[in-house]
Amino acid sequence: MKTRLASSNVLFLLLIGVAAFFGCTSPESKQVNLWPDGTEIPEWFSDTTKVKLADLGTPYTITDYGVVNDSTVLQTEVIQRTIDEASSNGGGVIIIPKGTFLSGALFFKPQTHLYVSEGAILKGSDNIAHYPKMASRMEGQNLDYFPALVNAYGVDGFTISGKGTIDGNGLKYWEAFWKRREEDPNCTNLEVSRPRLVFIWGSDNVQVQDVRLHNSGFWTSHYYQCNNVKILDLHISSPHAPVKAPSTDAIDLDVCSNVLIKGCYMSVNDDAIALKGGKGPFADTNANNGENTNILIEDCEFGFCHSALTFGSESIHDKNVVLRNSHVNEARRLLWLKMRPDTPQKYEYVTVENITGNAYSFIYVKPWTQFFDLKGREEVPLSYSDHITMRNIDLDCEIFFDVAITEHDRLSDFTFQNLTIKAVNPAFDKSLVKDFTLENVKVNADILR
């Protein structure tokens, strides 16, 4: 299987290169600059210029300000004091030099940036006491919770760059979580105290590039109420063996607009990219919640994950989402639409295209009932998924159409186009979707109609 996948991926990339060289176009290529709803994708999404260290202001190398290169000494206060000094002097870039530096929660201020040098490791403490609870956002709700290792609240223009590593040192948190799950299989994710790796809240014009985000205790990177975010060439990983790293989503977008995720490698023990935004029967009336719009994911590689792209489970509205030109290997699902029966949801104008590789399920759409709670609401809110397009995909999978919905779910306007699927279970029930278009769909060499 690996030989076949590698060959198909190389052929796919060669065809793209040949077409670009000769200026060839196709009906699909003419649409690459359009969102699924037909509106134009702005030029902003084509600009992948990297942030330069020299352009980030005054450099503040932490070892020049009292921090020592010792991975066993907690240095939160000294690093934070360096950040604060940079901010009070008009801003600058906090440089983590080569070496390993242990820290608890750090808070970046306006006009400050983070640069992690190649060979540098900013290592998170595995003692939750070093992450004091404060106003935060987790799992679709605003609450007091533990901050991340790297935090930026209201820092417009914030950047994280460099080719070093931000390591969450998460093993103790993972072990504590699984021990709690043994004691109570129904325990929630929030019952076990764990920090995220990166949390950026209420910040616009953010760029995170080149760094390695590894071994987070909880979600790896979480963006809440942010606009104009570029996430470029990251390496994001946490293990699924021998100890599973629970709920270590690579990228969580939570009420965000205009987001480019490009050239990233993601392999985590949960969803690679998850769209959040709120949960509960009245989530659409809460001002803290909202939609994710204009999300472009391209040129990425997905290793083991629960899903390459997931909508939910805490999400009320997502529109104009594109995943394209990417490869998946060992993903449990390529596309997962979580239909949460206690939350009003609408997922619309979604395109997944130009994908090669393998996954357990090609598309997975089912009710997500964990922690179901109508909170006194009498009627179950409806959930909608419409204008979902999957095209130009060559995939090996166990299950092709992993879909089972209830009377509270509405699926409509799906398009499957130019699919070459090899599936152990090729079952397909077109009746579950209103207005289902099939064009050149081959499953185990059989044409679906």
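Could you please report the charge total around residue 81, scoring K, R as +1 and D, E as -1 over all other residues with beta-carbon less than 14 angstrom from its beta-carbon? Let's see the in-between values first.
On the way: positive: 109; negative: 64, 77, 84, 85.
Cβ neighbours under 14 Å give a net charge of -3.
I'd like the Karplus ³J(HN,Hα) series for region 148-160: coefficients 6.51, -1.76, 1.60, θ = phi - 60°, whole numbers in Hz, and an x wherever there's a Gly or Pro.
Values, residue by residue: 8, 5, 10, 10, 9, 10, x, 10, 4, x, 5, 9, 10 Hz.
Take residue 55, project a point 7 Å from its Cα along the Cβ direction, then tell me which residues of region 209-237 have their backbone nitrogen under 20 Å from it.
Residues passing the 20 Å test: 209-211, 227-234.
Any chance you could give the angle, 0 to 90 degrees and rounded to 10, that helix 171-183 forms with the longest Cα principal axis of the chain?
Helix 171-183 sits at roughly 60 degrees to that axis.
So what is the calculated 222 nm ellipticity per residue for the chain, using -39500 (n - 2.57) for each DSSP H run with n of 4 or more, over all residues, to the nearest 500 deg cm²/dmol? Walk me through the numbers before you get to the answer.
Working: 3 runs with 47 residues, N = 449.
My calculation for the chain gives -3500 deg cm²/dmol from helical runs alone.
Against the longest principal axis of the chain, how steep is helix 2-22, in degrees 0 to 90 to the nearest 10, with axes from Cα atoms?
Between helix and principal axis, roughly 90 degrees.
Expressed as a whole percent, how much of the Cα-Cα distance distribution for the chain exceeds 33 Å? Could you put the intermediate results ahead of the total?
Values: 35239 of 100576 pairs.
Cα-Cα pairs of the chain separated by over 33 Å account for 35 percent.
Please give the residues of region 348-386, grouped as numeric ranges, whose backbone N is less than 16 Å from a label point set 7 Å along the Cα-to-Cβ vector of residue 407.
Correct set: 378-383.
Straight distance only, please: which aspartates and glutamates reach the Cα of residue 123 with their own Cα at less than 19 Å, same-chain residues fewer than 8 apart left out?
Residue 123 reaches 64, 70, 77, 167, 175, 210, 249.
So what J values fall out for region 202-210 if you push phi through Karplus, 6.51 cos²θ - 1.76 cosθ + 1.60 with θ = phi - 60°, rounded to Hz, Gly and Pro as x?
Per residue, the Karplus-derived 3J(HN,Hα) values read x, 10, 9, 6, 9, 9, 10, 9, 6 Hz.
With labels modelled as points extended 7 Å from the Cα through the Cβ direction, what inter-label distance (nm, one decimal) is found for residue 144 paired with residue 171?
3.3
What is the order of 72, 293, 310, fewest Cβ neighbours within 10 Å to most? List each step's numbers first, then the result.
Numbers: 72 6, 293 19, 310 25.
By the 10 Å Cβ count, ascending, the order reads 72, 293, 310.
Taking θ as phi - 60°, what are the ³J(HN,Hα) couplings along region 297-309 by the Karplus curve (6.51, -1.76, 1.60), each to the nearest whole Hz, with x for Gly and Pro?
10, 8, 6, 10, 10, 10, x, 4, 6, 6, 6, 5, 9
Direction-averaged shadow area of the convex hull around the Cα atoms of region 193-301, nm²? Don't jump to the answer; show the numbers that get you there.
Details: hull surface 28.2 nm².
Answer in nm², one decimal: 7.1.
Could you point to the residue in 382, 297, 104 farthest towards the positive end of the chain's charge dipole, with +1 and -1 charges on the Cβ of Lys/Arg and Asp/Glu respectively?
Of 382, 297, 104, it is 104.
Note down the magnitude of the dipole of the chain about its Cα centre, charges +1 on Lys and Arg C-beta and -1 on Asp and Glu C-beta and zero elsewhere, to the nearest 20 debye.
Details: 41 positive and 56 negative charges, 130 e Å.
It comes to approximately 620 debye.
Arranged by the count of other C-beta atoms within 10 angstrom, fewest first, what order do 235, 222 take?
Values: 235 17, 222 26.
Result, fewest neighbours first: 235, 222.
Quick check: residue separation of residue 425 and residue 63 times 0.36 nm, minus the Cα distance between them. What number comes out in nm? Mind dumping the intermediate values first?
Values: separation 362, 0.36 × 362 = 130.32 nm, distance 5.73 nm.
Length gained between residue 425 and residue 63: 124.6 nm.
Taking 27 Å as the cut-off for C-alpha to C-alpha distance, list the pairs among 109/276; 338/430; 163/279; 279/430; 163/422 that go past it.
With Cα atoms farther than 27 Å apart: 163/279; 279/430; 163/422.
With a sphere of radius 9 Å drawn around the Cβ of residue 161, what net charge do the other residues whose Cβ falls strictly inside it have (Lys, Arg +1; Asp, Glu -1)?
Values: positive: 50, 52, 163; negative: 210.
Net charge around residue 161: +2.
Once amide H atoms are built 1.01 Å from N in the peptide plane, which residues 5 or more positions from residue 317, or in another chain, come under 5 Å H to H?
It is 292, 346, by chain and number.
In whole angstrom, how far apart do the alpha carbon centroids of region 117-152 and region 429-449 sit?
A separation of 45 Å, based on Cα centres.
Placing +1 on the Cβ of each Lys and Arg and -1 on the Cβ of each Asp and Glu in region 26-447, which of 425, 185, 358 has its Cα farthest towards the positive end of the resulting dipole?
The residue sitting farthest along the positive end of the dipole is 185.
With both partners inside region 26-447, how many of the DSSP beta bridges are antiparallel, as a percent to the nearest 5?
Working: 8 of 146 bridges.
Here the share of antiparallel DSSP bridges comes out near 5 percent.
Write out the GluC sites (Glu not before Pro) in region 68-149 meeting two conditions: DSSP loop, and at most 13 other Cβ atoms within 10 Å of their Cβ.
On the way: sites: 77, 85, 118, 139; in loops: 118, 139.
Passing sites in region 68-149 are 118.
Every number in this text was worked out from the coordinates using simple rules, so none of it is lab data. What you see is a predicted model; the values in this text were computed from it and never measured. Methodologically, a virtual Cβ is constructed for each residue, glycine included, from the backbone with ideal geometry; neighbour enumeration extends over all protein chains shown.
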